[in-house]
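First the structure, in the form of structure tokens, and then the observations on it.
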Amino acid sequence: QKEVEQNSGPLSVPEGAIASLNCTYSDRGSQSFFWYRQYSGKSPELIMFIYSNGDKEDGRFTAQLNKASQYVSLLIRDSQPSDSATYLCAVNEADSWGKLQFGAGTQVVVTP
Amino acid sequence: SQTIHQWPATLVQPVGSPLSLECTVEGTSNPNLYWYRQAAGRGLQLLFYSVGIGQISSEVPQNLSASRPQDRQFILSSKKLLLSDSGFYLCAWRSLREEQFFGPGTRLTVL
């Protein structure tokens, strides 16, 4: 059973601080990794993707990937109240028709 | 640019009634399409995916079915809804870089 694990939270973060979200996956063949943000009652929105080991930065977001440890993380710098949402980690299934395995999500609450 | 539509946005149906949810994609050809369900407070469960017209793969045995009558149209159906079918139904398409983009979703409540 291929699995993607995330802490459910809620992760409470003071405004302006760094939010750190973690995700582990079981499929060693996975090559593509995604972070989605989902506001309550809305559909998930892709915010980051990463394919290579190391860090990838996009604005206030940084994705970090370590394939040897089967670990991917998301850092949100200078957290804002608008960052309060559930963040879903998704990992592609190796040798599949582009299927993604999703974690259950981490709820982030940014407090003013 | 690509756009994905779903309708209806919300739906309240009695147990045992039929269901038809529609998803259409604009701005791309021959996309891989996916149906997911998200139960309240839960993660995304892949229900069906399709790599082309008339081709459907089912991930979870259940009383739902899917069809793809046209390249950019994906339909989710049921002949008789169960209470457990309640949830947030999401359609997604896949880009060449394997990113999946979601439609706005249909919130289904079965009473």
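What to note about this one:
- Of the residues making up the stretch A:1-19, those that are open to solvent by less than 60 Å² (accessible area, probe 1.4 Å) and assigned to a strand (DSSP E or B) are A:Val4, A:Gln6, A:Leu11, A:Val13, A:Ala19.
- Within the stretch A:70-77, not a single residue is under 21 Å from B:Leu96 (Cα atoms) and surrounded by 14 or more Cβ atoms within 10 Å (Cβ to Cβ).
- Selection status of A:Ser40, within 14 Å of chain B (Cβ to nearest Cβ) and surrounded by fewer than 18 Cβ atoms within 10 Å (Cβ to Cβ): yes
- Criterion: touching a residue at least 60 places away in the same chain (Cβ under 8 Å) and either closer than 25 Å to B:Ile4 by Cβ or part of a strand (DSSP E or B) (or both) - qualifying residue of A:Ser30, A:Ser82: A:Ser30
- For the stretch B:25-67, residues that are surrounded by 14 or more Cβ atoms within 10 Å (Cβ to Cβ) and within 13 Å of another protein chain (Cβ to nearest Cβ) total 21.
- Residue within the stretch B:68-86 that is within 14 Å of chain A (Cβ to nearest Cβ) and modelled with pLDDT under 95 present: no
- Considering residues of the stretch A:85-107 that are among the aromatic types (Phe, Trp, Tyr) and in a strand (DSSP E or B) only, the residue nearest to the other protein chains (Cβ to nearest Cβ): A:Phe102
The values are calculated or read from the model by the stated rules, or taken from the named source; none is laboratory data. What you see is a predicted model; the values in this text were computed from it and never measured. Don't worry about glycine lacking a Cβ; one is built from the backbone with ideal geometry, like all the others, and counts go over all protein chains shown. With ligands, DNA and RNA removed, areas are computed over all heavy atoms of the protein, side chains included. Shrake-Rupley method; radii C 1.70, N 1.55, O 1.52, S 1.80 Å.
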